[in-house]
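Below is one structure, written out as structure tokens; the observations come after it.
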Amino acid sequence: MIKLNSNWETFKNNVLTNVSQSGLDLDTSELSFFGKVIEALSIGSSDVISIIDEMASQNTFDLTNNSNLDFIFDFFNIKRLKTTGETWKLDFAYTGSAIFTIKAGAYFFIDEKTYQARYSTEVQNEYRLKTFSIELFEVSTLEYSNFDLFEFAGVKALATGFSFTGEKVSFSEILSENLTKTDFSVVATTTESDYSFLNRAKNILQFLSADTNYKIKTSILEISNVTDVLIENRDFDTIVTIIPSNLDVLDSTLDYCAEVINYYKTHNFILKKPVLNAITIKNLLNQFESDYEQDLTAFVKSYVRDIYLNDFIFDRNDFEFRVYEYLRKLNSSNFSFDKDKLEIIYSCCSKCDTTAEFSNGKIYPSETKTFGVGVFVCLELT
């Protein structure tokens, strides 16, 4: 139960008087949305957070729009973002019950053009029909054939841009069966939409009391193309290293991350590109017919990319065993694999720059190699 300060009612009455004199046409009755917010602002800061968090979880903000949103969230120094360049609005109707999030920076492919989501958007449907919009901006064409996709309502999107619970296949079916595109059009706007502003502000308010590192890590992990976030506290600053899922769009991903850090930071934070651990594997593909090349290439690149999940350790015996098992699934008996012919070379480079190599070597049969924290890529495969 909230315990109110002894003079909170006087403060509340002063706020109500100021609202009335300002000319704003607001319903400030006791049970109204604005009445609750004004009451919250009359209480100590920890109680403000509790009330706002409760209202956010109950979606009591959802009927508020336009300048009213700016009026409310300005109390918490949450400003509507300004956008630059042409913005596209993608409207949907959703009839499912699964809750999911479309991450900021999520990739969409529409009419042979590539777009990214400007903001993170959470979708939850308490009714039979939920309508929502996401804002997109056009970017350079991304070749998506090697990535997992969701396809729904005539739209393709990278699966990494969605946060959801359950199996990927099941969620894909939910989208295709329950999500309908209702409109896709360019909008002449230079500011964040009500829907995007509302969702972003609610996410911020829900963990106002958390420590800075937690806020930053949680928010960055919602950004598309971010696999992990590593935070290291030092004497005078904090280092934030981003582990991306796709190096091709690392720079734009870091731009999103920088916005998050700048909002929450309380001291000096340094955003770093990760170390690039590049792996070259020779004499593997040339042992097999060309029919194997596409599948085997995809498998090896996936294995190398996920080395960070194994405490950054490359185990040559494990790699050879998994290649053998994969080949056996492709063709139960008709293949020959000579693991002794393999040549595995590594190169470690600062700031994901292959010209900034600081370490290299070979991984010989039965050896393991422990790498420093970084991102892994199969640089060459023959």
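When Leu285, Leu254 are screened for being surrounded by 13 or more Cβ atoms within 10 Å (Cβ to Cβ), closer than 20 Å to Tyr346 by Cβ and not polar (S, T, N, Q), only Leu285 passes.
Take the range 328-360 and flag every residue that is outside any loop (DSSP other than H, G, I, E, B) and of a type in the set (D, E, K, R). Don't jump to the end; show me each part of the working.
At the first step, the residues of the range 328-360 found to be outside any loop (DSSP other than H, G, I, E, B) are 328-330, 339-341, 343-352, 357-360.
Once the filter is applied, which keeps residues that are outside any loop (DSSP other than H, G, I, E, B) and of a type in the set (D, E, K, R), the range 328-360 yields Arg328, Lys329, Lys339, Asp340, Lys341, Glu343, Lys351, Glu357.
Pro365 meets the conditions (1) in a helix (DSSP H, G or I); (2) over 21 Å from Lys273 (Cα atoms) in every case but one. The failed one is (1).
Condition check ((1) of a type in the set (D, E, K, R); (2) surrounded by 17 or more Cβ atoms within 10 Å (Cβ to Cβ); (3) in contact (Cβ under 8 Å) with a residue 24 or more places away in the chain) across all residues:
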{"site": "Asn310", "(1), (2), (3)": "no, no, no"}
{"site": "Lys329", "(1), (2), (3)": "yes, no, no"}
{"site": "Ser336", "(1), (2), (3)": "no, no, yes"}
{"site": "Cys349", "(1), (2), (3)": "no, yes, yes"}
{"site": "Glu367", "(1), (2), (3)": "yes, no, yes"}
{"site": "Phe371", "(1), (2), (3)": "no, yes, yes"}
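I'd like to verify a number: residues in the range 86-124 that are part of a strand (DSSP E or B), within 18 Å of the chain's Cα centre (by Cα) and either of a type in the set (Ser, Thr, Tyr) or not assigned by TED's automatic domain parsing to the domain that holds Leu149 (or both), how many? Walk me through it before giving the result.
The first filter runs over the range 86-124 and keeps only residues part of a strand (DSSP E or B), leaving 87-94, 100-102, 107-110, 113-117, 121-123.
Then keep just the ones that are within 18 Å of the chain's Cα centre (by Cα); that gives 100-102, 107-109, 114-117, 121-123.
Add one more test, that the residue is either of a type in the set (Ser, Thr, Tyr) or not assigned by TED's automatic domain parsing to the domain that holds Leu149 (or both), and what stays is 101, 107, 114-115, 121.
Counting residues in the range 86-124 that are part of a strand (DSSP E or B), within 18 Å of the chain's Cα centre (by Cα) and either of a type in the set (Ser, Thr, Tyr) or not assigned by TED's automatic domain parsing to the domain that holds Leu149 (or both) gives 5.
How many of the residues in the range 139-153 are over 18 Å from the mean Cα position of the chain (by Cα), within 22 Å of Ser196 (Cα to Cα) and not in a loop (DSSP other than H, G, I, E, B)? Residues meeting the conditions: 1. Could you tell me which residue of the range 154-190 is surrounded by the most Cβ atoms within 10 Å (Cβ to Cβ), considering only residues that are in a loop (DSSP other than H, G, I, E, B) and either touching a Phe, Trp or Tyr at 6+ places or on another chain (Cβ under 7 Å) or without any contact (Cβ under 8 Å) to a residue 12 or more places away in the chain (or both)? This residue is Phe164.
Tell me, yes or no, whether the range 324-344 has at least one residue that is within 30 Å of the chain's Cα centre (by Cα) and either modelled with pLDDT of 85 or more or closer than 16 Å to Leu285 by Cα (or both). No; the residues of the range 324-344 include none that is within 30 Å of the chain's Cα centre (by Cα) and either modelled with pLDDT of 85 or more or closer than 16 Å to Leu285 by Cα (or both).
State which residue is farthest from the chain's Cα centre (by Cα) when the search covers only the range 286-323 and only residues that are of a type in the set (Phe, Trp, Tyr) and over 20 Å from Leu276 (Cα atoms). If you could, list the steps in order and put the result at the bottom.
If we filter the range 286-323 for residues that are of a type in the set (Phe, Trp, Tyr), which is where we start, we get 288, 292, 299, 303, 308, 312, 314, 319, 321.
Retained after the next criterion (residues that are over 20 Å from Leu276 (Cα atoms)): 288, 292, 321.
Working: Phe288: 38, Tyr292: 34, Phe321: 33 Å.
In this case the residue turns out to be Phe288.
Among the residues examined, Thr266 qualifies as assigned to a loop (DSSP other than H, G, I, E, B), closer than 22 Å to Val226 by Cβ and out of contact with any Cys (no Cβ under 7 Å at 6 or more places or on another chain).
Got a sec? Which of Lys272, Lys329 is farther than 19 Å from Pro244 by Cβ and of a type outside the set (Val, Ile, Thr)?
Values: Lys272 fails: farther than 19 Å from Pro244 by Cβ.
On inspection, the qualifying residue turns out to be Lys329.
Could you list, in sequence order, the residues of the range 276-318 that are outside any helix (DSSP H, G or I), hydrophobic (A, V, I, L, M, F, W, C) and farther than 17 Å from Lys362 by Cβ?
Initial filter on the range 276-318 (outside any helix (DSSP H, G or I)): 276-284, 288-289, 311-315.
Those still in the list that are hydrophobic (A, V, I, L, M, F, W, C) too: 276, 278-279, 281, 284, 288, 312-314.
Leu276, Phe288, Phe312, listed by residue number.
The values are calculated or read from the model by the stated rules, or taken from the named source; none is laboratory data. Predicted model only: the values in this text are computed from it and were never measured. When we count neighbours, we look across all protein chains shown, and the Cβ atoms used for this are built from the backbone with ideal geometry, even at glycine.
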